[in-house]
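The values are calculated or read from the model by the stated rules, or taken from the named source; none is laboratory data. Here the structure is a predicted model, which means the values were calculated and not measured. Cβ atoms come from the backbone with ideal geometry, glycine included; neighbour counts cover every protein chain shown. When the accessible area is computed, the model is the full protein with side chains, heavy atoms only, and any ligands, DNA or RNA have been set aside. Shrake-Rupley method; radii C 1.70, N 1.55, O 1.52, S 1.80 Å.
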Amino acid sequence: MTQHVAVLMGGWSAERDVSLSSGNGCAEALEGKGYRVTRVDVGRDIAAVLADLKPDVAFNALHGRVGEDGTVQGILEVMRIPYTHSGVLASALAMQKDKAKLILAAAGVPVAHGIVVHRRDAAKRHVLPPPYVLKPVNEGSSFGVVIVREDRTHPPQELLRDDWAYGDYLLAEKFIAGRELTCAVMGDKALDIIDIRPATGQFYDYDAKYAKGGSIHVLPAQIKPNIYQQVQQLALTAHQALGCRGVSRADFRYDDRPEGRGELVCLEVNTQPGMTATSLVPEAAAYAGYSFGELVQWMVKDASCDR
């Protein structure tokens with residue numbers, strides 16, 4: 001009997017468009033593998049929609065709040081619909097960046113020094129000595145991220161905008177110069193590391209992530225073997241410390257500049273990594289020998305409740 005997979009996508013977070021792109025790509029790949037697929041643009045009636053559909057598996061292709069913070073996972077647990085990616089607690093922890101950092105640090109994963117501040121306070125004064133980074137405590141895809149460079153005399157005034165949509169509380173972190181590295185974990189195995197280099201500018205922002213040609217991906221990353229192994233081990237440790245399941249992706253900064261101090265820190269763990277044509281996890285999985293169709297099929301087979 002053909003399995004019926006409901007691909008959950010869209011929703012109403014700031015990452016809606018990315019989620020639609022991820023979801024449609026995954027749905028097409030699953031159809032190519034012979035699954036019966038229903039694309040579900042998630043609304044607040046999602047429980048009623050799923051009750052009517054009665055899918056065998058929910059493929060969670062949502063990004064951002066609700067889909068990534070444990071909310072949808074809780075609905076799926078209550079309805080006993082097996083689902084992909086991490087469960088309720090791991091999703092909620094990883095999405096709340098300040099709480100995740102406490103868990104990671106306790107597990108021996110190095111993190112950047114940081115404090116939680118109100119956005120209005122961060123607009124009045126420098127909350128850390130520049131350079132530092134301000135980012136919403138519970139957003140993804142680099143939405144709302146502000147880099148305050150050393151030559152910036154005034155704190156960022158864009159935080160006072162009336163249309164600011166990324167919450168009132170921000171995580172302020174010391175800026176770590178150097179490389180942007182990312183390492184995906186698939187089950188209990190860390191995949192190869194990608195060195196992400198923005199094609200323009202110095203920051204891996206939304207456009208660098210999702211625009212075609214927005215960034216250059218070096219796979220495998222050209223770093224010292226001992227650092228390579230360390231990043232893989234830290235990604236796996238972070239995945240396990242937060243209780244992640246299925247596929248996750250840990251992002252790091254590594255300062256290997258001649259004048260640098262060799263700092264290596266984990267920025268965050270993403271429990272719902274992008275699955276678009278330019279996304280990192282499909283690229284790392286392909287390097288490990290998994291086609292896109294095989295990757296999403298693996299995720300469906302890995303689906304369960306009580307995650």
Solvent exposure, largest accessible area first (probe 1.4 Å, DNA, RNA and ligands not counted), of K101, K174, K124
K124, K174, K101
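Compute the orientation-averaged projected area for the range 1-62 from the convex hull of its Cα atoms and round it to one decimal in nm². Before the final figure, lay out the partial values.
Numbers: hull surface 15.3 nm².
If you wrap the Cα atoms of the range 1-62 in a convex hull and average its projections, you get 3.8 nm².
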Compare E139, E28 by solvent-accessible area with a 1.4 Å probe and give them largest first, with all protein chains kept in place.
E28, E139
Excluding ligands and nucleic acids, what accessible area in Å² is computed for T237 using a 1.4 Å probe, to the nearest 10?
30 Å²
Using +1 at the C-beta of Lys and Arg and -1 at the C-beta of Asp and Glu, which of I194, L242, F59 has the Cα lying farthest in the positive direction of the dipole of the chain?
L242
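So how strong a dipole does the range 72-195 carry about its Cα centre when Lys and Arg Cβ are +1 and Asp and Glu Cβ are -1, to the nearest 20 debye? Intermediate values should be presented prior to the final figure.
Values: 15 positive and 15 negative charges, 58 e Å.
Computed about the Cα centre, the dipole is about 280 debye.
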Virtual spin-label span in nm between A288 and A177, 7 Å along Cα→Cβ
3.4 nm
Taking a probe of 1.4 angstrom, what is the accessible area of C26 in Å², to the nearest 10?
0 Å²
Label-point separation (nm) for T2 and D306, each offset 7 Å from Cα along Cα-to-Cβ?
3.1 nm
If the chain between A105 and T38 were fully stretched, how many nm would it gain, using 0.36 nm times the residue separation less the Cα-Cα distance?
20.1 nm
Using a 1.4 angstrom probe and counting only protein chains, how large is the accessible area of D306 in Å², to 10?
110 Å²
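Give me the number: length gained by fully extending V218 to Q230, i.e. 0.36 nm times residue separation minus the C-alpha to C-alpha distance, one decimal in nm.
On the way: separation 12, 0.36 × 12 = 4.32 nm, distance 1.78 nm.
Length gained between V218 and Q230: 2.5 nm.
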Pull up the cross-link candidates among the aspartates and glutamates for K33, meaning alpha carbon to alpha carbon under 18 Å and not fewer than 8 places away within one chain.
D56, E294, D302
Phi angles of the range 97-114, converted by Karplus (6.51 cos²θ - 1.76 cosθ + 1.60, θ = phi - 60°) into ³J(HN,Hα) in whole Hz with x for Gly and Pro, give 4, 5, 6, 4, 4, 5, 5, 5, 4, 5, 8, x, 8, x, 10, 6, 4, x
Relative to the Cα centre, what is the charge dipole magnitude of the range 224-281, using +1 at the beta carbon of each Lys and Arg, -1 at the beta carbon of each Asp and Glu, and rounding to the nearest 20 debye?
160 debye
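Pairs K97/K189; K135/K224; K97/K124; K99/K301; K174/K224: which are spaced more than 27 Å apart, C-alpha to C-alpha?
The pairs that break the limit, which is 27 Å between Cα atoms, are K135/K224; K99/K301.
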Take V49, project a point 7 Å from its Cα along the Cβ direction, then tell me which residues of the range 19-36 have their backbone nitrogen under 17 Å from it.
19-28
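With +1 on each Lys and Arg Cβ and -1 on each Asp and Glu Cβ, and nothing else charged, work out how big the dipole of the chain is about its Cα centre, in Debye to the nearest 20.
On the way: 33 positive and 37 negative charges, 68 e Å.
Dipole size: approximately 320 debye.
Only Cα pairs under 8 Å and at least 6 apart count here; give the relative contact order of the chain as a rounded whole percent.
Working: 658 pairs, mean separation 64.4, N = 307.
RCO, the chain: 21 percent.
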Quick check: the angle from helix 225-242's long axis to the longest principal axis of the chain, C-alpha only, nearest 10 degrees?
60 degrees
Would you mind giving the three semi-axes, in whole Å and largest first, of the ellipsoid equivalent to the chain according to its Cα gyration tensor?
32, 23, 17
Taking the alpha carbon gyration tensor of the range 252-307, what are the square roots of 5 times its eigenvalues, largest first, to the nearest whole Å?
31, 16, 9
Inter-part distance where the range 149-202 and the range 286-303 are each reduced to a Cα centre, Å
28 Å
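Can you sort M299, M1 by solvent-accessible area, 1.4 Å probe, largest first? Before the final figure, lay out the partial values.
Working: M299 5, M1 220 Å².
Sorted by accessible area, descending: M1, M299.
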Express the relative contact order of the range 1-115 as a whole percentage, based on alpha carbon pairs under 8 Å and six or more residues apart in sequence.
26 percent
